[in-house]
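Enquirer: Take a look at the following structure, please.
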Amino acid sequence: MSPRVILLPGDGIGPEIIPAAVAVLKAVGPELQWELEEHLFGGASIDAHGTALTDETLQACRAADAILLGAVGGPRWDTTDPAKPRPEQGLLALRKGLGLFANLRPVKPLSALYDASPLKRELIERTDLLVVRELTGGIYFGEKTRTRDSASDTCLYTRAEIERIARVAFGAARSRVTSVDKANVLETSRLWREVVREVHGSEFPHIELEHLLVDNAAMRLIAAPRHFEVILTENMFGDILSDEAAMLTGSIGMLPSASLSGEGPGVFEPVHGSAPDIAGTGAANPLAMLLSAAMMLRHGLAMEAQAAAVESAVDQALAEGLRTPDLGGSASTAEATQAVLGHL
Ligand code: IPM
Ligand code: MG
């Protein structure tokens with residue numbers, strides 16, 4: 001088998017953690033003929049081509065089995081000028097271009113890291129939740145306007161968009177889905193609630209469904225994280241809640257994600273950003289990247305055994321005391337990678 005994977009290291013620490021993922025892929029599948037092709041993306045692509053995602057790169061992604069992405073952005077490209085290209089546009093164009101409407105962000109604090117979280121151990125123990133975030137609709141992609149004195153972003157959702165993401169969430173749940181919205185204020189949220197209720201009633205009546213307002217959900221996520229199993233939510237709420245949930249694991253440097261379309265190739269990337277403050281220092285935690293590679297093995301390449309092997313190698317390395325600076329230790333990116341490879 002020769003899996004074709006496009007590597008998009010991107011910016012900041014992205015190019016430092018992608019090689020860690022490549023090393024791990026080669027270690028779990030030494031018999032495979034990995035076809036790895038690297039492309040510029042985000043700020044790096046803006047510098048070279050004037051745009052964060054070129055047509056050529058998008059085409060290459062479409063033709064691949066899966067895409068492994070580092071991170072994009074950095075102060076170098078920060079601008080409020082709507083006419084200037086921004087690295088994040090590449091990410092959004094990639095999600096839209098590949099139809100990646102379903103974003104899965106599992107949050108499971110590892111027991112070795114219970115004490116790395118700013119929250120009390122008793123609170124986070126046995127938390128195991130999945131954020132299912134709608135990724136190609138809502139305020140991220142609605143019409144935008146801008147004049148000198150006013151600006152607007154439109155939040156639009158269709159019934160079909162809500163139905164398909166609701167199915168992903170119910171399909172992933174064993175017993176409970178918590179749908180998060182702002183139905184006391186937003187019309188899109190009232191449609192969201194109605195459609196989620198319909199999908200639940202007609203296709204998944206055996207799963208418990210509850211609705212929470214997003215402000216309340218943000219509070220409950222910290223007060224009682226164990227309550228949650230699958231959180232189903234729209235694009236922007238999912239963005240915010242998944243960063244919040246990341247702190248349950250002690251560091252955002254631990255959280256992987258998968259963005260799926262249901263048909264074509266998926267994109268697998270850490271939830272954290274490009275961390276420009278530590279880029280170039282060799283201190284980046286590669287574990288979210290490695291866990292994203294595991295999600296790629298599982299969801300993108302149907303290699304469940306290899307995915308589980310990577311996850312268990314990360315667990316074991318942490319249990320043996322591996323700690324990068326974000327987790328209060330001093331292990332470098334290279335040392336962390338070696339520690340995980342040692343368990344494969
Ligand atoms: C994420 C990121 C992106 C998002 C940014 C970089 C555009 O925060 O993947 O969570 O908001 O979706
Ligand atoms: Mg985010």
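The values are calculated or read from the model by the stated rules, or taken from the named source; none is laboratory data. If you're wondering where the values come from, they're calculated on a predicted model, not measured in any experiment. Note that each Cβ is placed from the backbone with ideal geometry, even for glycine, and that neighbours are counted across all protein chains shown. Areas reflect the complete protein model, heavy atoms only, side chains present, ligands, DNA and RNA absent. Shrake-Rupley method; radii C 1.70, N 1.55, O 1.52, S 1.80 Å.
Enquirer: Given the conditions (1) open to solvent by less than 60 Å² (accessible area, probe 1.4 Å); (2) without any contact (Cβ under 8 Å) to a residue 24 or more places away in the chain, which single one is not true for Glu187?
Expert: Going through the list (1) open to solvent by less than 60 Å² (accessible area, probe 1.4 Å); (2) without any contact (Cβ under 8 Å) to a residue 24 or more places away in the chain, Glu187 breaks only (1).
Enquirer: Continuing with the same structure: Considering each of Ala151, Ala160, Ala112, Ala172 in turn, give the residue that is closer than 23 Å to Val271 by Cα, open to solvent by 20 Å² or more (accessible area, probe 1.4 Å) and assigned by TED's automatic domain parsing to the domain that holds Ser242.
Expert: Answer to the selection: Ala172.
Enquirer: Still on this structure, please answer the following. Would you check if there is a residue in region 192-203 being surrounded by 20 or more Cβ atoms within 10 Å (Cβ to Cβ), among the aromatic types (Phe, Trp, Tyr) and modelled with pLDDT of 95 or more?
Expert: Checking region 192-203: at least one residue is surrounded by 20 or more Cβ atoms within 10 Å (Cβ to Cβ), among the aromatic types (Phe, Trp, Tyr) and modelled with pLDDT of 95 or more.
Enquirer: Would you confirm whether any residue within region 306-323 is at pLDDT below 95 and within 16 Å of ligand 1 (Cβ to nearest atom)?
Expert: no
Enquirer: Among the residues of region 85-107, is any surrounded by fewer than 23 Cβ atoms within 10 Å (Cβ to Cβ), closer than 21 Å to Gly14 by Cα, of a type in the set (S, T, N, Q) and touching a His at 6+ places or on another chain (Cβ under 9 Å)?
Expert: Checked against the condition, which is being surrounded by fewer than 23 Cβ atoms within 10 Å (Cβ to Cβ), closer than 21 Å to Gly14 by Cα, of a type in the set (S, T, N, Q) and touching a His at 6+ places or on another chain (Cβ under 9 Å), region 85-107 yields no hits at all.
Enquirer: Name the helices (runs of 4 or more DSSP H) wholly within region 232-319 that hold at least 2 residues that are within 13 Å of ligand 2 (Cβ to nearest atom) and either open to solvent by less than 10 Å² (accessible area, probe 1.4 Å) or not aromatic (Phe, Trp, Tyr) (or both)?
Expert: It comes to 235-246.
Enquirer: Any residue in region 152-166 that is closer than 17 Å to Ala183 by Cα sitting within a Cβ distance under 6 Å of a residue that is open to solvent by less than 50 Å² (accessible area, probe 1.4 Å) and hydroxyl-bearing (Ser, Thr, Tyr)? List the pairs, counting only those 6 or more apart or interchain.
Expert: Cys155/Thr188; Tyr157/Thr188
Enquirer: Out of Gly42, Gly70, I need the residue that is within 16 Å of ligand 2 (Cβ to nearest atom), touching a residue at least 40 places away in the same chain (Cβ under 8 Å), at negative phi and touching a strand residue (DSSP E or B) at 6+ places or on another chain (Cβ under 7 Å). Which one?
Expert: Gly70
Enquirer: Something else about it: Determine whether Ser259 is within 15 Å of ligand 1 (Cβ to nearest atom) and polar (S, T, N, Q).
Expert: yes
Enquirer: Restricting attention to region 1-32, which residues are outside any helix (DSSP H, G or I) and small (Gly, Ala, Ser)?
Expert: Once the filter is applied, which keeps residues that are outside any helix (DSSP H, G or I) and small (Gly, Ala, Ser), region 1-32 yields Ser2, Gly10, Gly12, Gly29.
Enquirer: May I pose another question? With Asn216, Asn235 as the choices, which residue is closer than 25 Å to Asn184 by Cα and more than 13 Å from ligand 1 (Cβ to nearest atom)?
Expert: Of the residues listed, the single one that is closer than 25 Å to Asn184 by Cα and more than 13 Å from ligand 1 (Cβ to nearest atom) is Asn216.
Enquirer: Follow-up. Would you point out which residue out of Arg95, Arg167, Arg148, Arg105 is at pLDDT 95 or above and away from ligand 2 (no atom under 16 Å from the Cβ)?
Expert: Working: Arg95 fails: away from ligand 2 (no atom under 16 Å from the Cβ); Arg148 fails: at pLDDT 95 or above; Arg105 fails: away from ligand 2 (no atom under 16 Å from the Cβ).
Of Arg95, Arg167, Arg148, Arg105, the one residue that is at pLDDT 95 or above and away from ligand 2 (no atom under 16 Å from the Cβ) is Arg167.
Enquirer: Filter region 33-53 for residues that are assigned to a loop (DSSP other than H, G, I, E, B) and open to solvent by 20 Å² or more (accessible area, probe 1.4 Å) and give the result.
Expert: Our first condition is that a residue be assigned to a loop (DSSP other than H, G, I, E, B); within region 33-53, this holds for 33-34, 39-42, 50-53.
Of everything in region 33-53, those that are assigned to a loop (DSSP other than H, G, I, E, B) and open to solvent by 20 Å² or more (accessible area, probe 1.4 Å) turn out to be Gln33, Trp34, His39, Leu40, Gly50, Thr51, Leu53.
Enquirer: Tell me which residues, restricted to region 154-185, are over 30 Å from Pro225 (Cβ atoms) and among the charged types (D, E, K, R).
Expert: Selection gives Arg159 alone.
Enquirer: Which of the numbered conditions does Gly138 fail, given that it passes all the others? Conditions: (1) within 24 Å of the chain's Cα centre (by Cα); (2) without any contact (Cβ under 8 Å) to a residue 24 or more places away in the chain.
Expert: Only one criterion in (1) within 24 Å of the chain's Cα centre (by Cα); (2) without any contact (Cβ under 8 Å) to a residue 24 or more places away in the chain is unmet by Gly138, namely (2).
Enquirer: Of these, Thr79, Thr51, which one is of a type in the set (Ser, Thr, Tyr) and touching a helix residue (DSSP H, G or I) at 6+ places or on another chain (Cβ under 8 Å)?
Expert: The unique qualifying residue is Thr51.
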